[in-house]
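Peer 1: Mind having a look at this structure? Questions to follow.
The values are calculated or read from the model by the stated rules, or taken from the named source; none is laboratory data. What you are looking at is a predicted structure, and each value in this text was computed from that prediction instead of being measured. We place every Cβ from the backbone using ideal geometry, glycine too, and count neighbours over all the protein chains shown.
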Amino acid sequence: MSNFKEKFLISAGSGLLLCGINSTYAYNFTGLNQNGCPTSAGKLIHIISFLVLSFLTMPQLKKNTLLKFKYALYGSLIGFFIFSPELITVIGTHMNTLHNNCLNNYGLIIHTLLYIGSLTAVMYLPNK
């Protein structure tokens, strides 16, 4: 099993990928935004893109490909929850993370750090 440093580095790499995919620039590039905010379809397409990229960039596991897919899926589900409109609104009411009801750059960083912490914590759950 990996130590904390390895788990944190894996989570940080995944978090940077998720941050890039959920950035305003990525949504502007794909055109899946409306009035500067990501659309629901856009969020779904971007999280599926994150799932695929996570799977492809994950190093080969010794056991099997399904385990690799499971880890990518879990990371994507956590990311989908962390960047959900409901959680964005809850955090945005307590911190200055919203601009016109959309996540600003500060909010993007806060949610990415929350994702990294959550993913690192999930890695400590038992496998069986």
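Peer 1: Do we have any residue at all in the range 57-71 that's loosely packed, with under 15 Cβ neighbours inside 10 Å and among the β-branched types (Val, Ile, Thr)?
Peer 2: Yes, the range 57-71 has at least one match.
Peer 1: Can you confirm whether the range 40-47 contains a residue that is modelled with pLDDT of 90 or more, closer than 19 Å to residue 2 by Cα and of a type in the set (Val, Ile, Thr)?
Peer 2: Checked against the condition, which is being modelled with pLDDT of 90 or more, closer than 19 Å to residue 2 by Cα and of a type in the set (Val, Ile, Thr), the range 40-47 yields no hits at all.
Peer 1: While we're looking at this one, here's another question. Pick from the range 84-94 the residues that are crowded, with 17+ Cβ neighbours inside 10 Å and within 17 Å of the chain's Cα centre (by Cα): which of them is farthest from residue 26 (Cα to Cα)?
Peer 2: Among them, the one singled out is 91.
Peer 1: Could you list all residues from the range 95-108 that are over 11 Å from the mean Cα position of the chain (by Cα) and surrounded by 14 or more Cβ atoms within 10 Å (Cβ to Cβ)?
Peer 2: Matches in the range 95-108: 97, 98, 99, 102, 103, 104, 107.
Peer 1: Name the helices (runs of 4 or more DSSP H) wholly within the range 61-128 that hold at least 3 residues that are of a type in the set (D, E, K, R)? Walk me through how you get there before you give the answer.
Peer 2: Working: elements: 65-82, 85-94, 105-122.
Here the list is empty.
Peer 1: Does residue 26 count as over 21 Å from residue 107 (Cβ atoms), surrounded by 15 or more Cβ atoms within 10 Å (Cβ to Cβ), of a type in the set (Gly, Ala, Ser) and without any contact (Cβ under 8 Å) to a residue 24 or more places away in the chain?
Peer 2: It is false that residue 26 is over 21 Å from residue 107 (Cβ atoms), surrounded by 15 or more Cβ atoms within 10 Å (Cβ to Cβ), of a type in the set (Gly, Ala, Ser) and without any contact (Cβ under 8 Å) to a residue 24 or more places away in the chain.
Peer 1: Return the residue satisfying two criteria in turn: it lies in the range 5-23 and is within 21 Å of residue 103 (Cβ to Cβ) and buried (at least 19 other Cβ atoms within 10 Å of the Cβ), and of such residues it is farthest from the chain's Cα centre (by Cα).
Peer 2: 11
Peer 1: A further question follows. Evaluate the following for residue 45: is it within 18 Å of the chain's Cα centre (by Cα), in a helix (DSSP H, G or I) and surrounded by fewer than 18 Cβ atoms within 10 Å (Cβ to Cβ)?
Peer 2: The answer is yes for residue 45.
Peer 1: What about residue 53, is it part of a helix (DSSP H, G or I) and crowded, with 17+ Cβ neighbours inside 10 Å?
Peer 2: When the stated conditions are applied, residue 53 passes them.
Peer 1: Also: Going through the range 65-96 one residue at a time, which ones are closer than 13 Å to residue 115 by Cα, at pLDDT below 95 and of a type in the set (Gly, Ala, Ser)?
Peer 2: Within the range 65-96, 84 is the sole residue that qualifies.
Peer 1: Considering only the range 109-121, state which residues are β-branched (Val, Ile, Thr) and loosely packed, with under 15 Cβ neighbours inside 10 Å.
Peer 2: Result: 109, single match.
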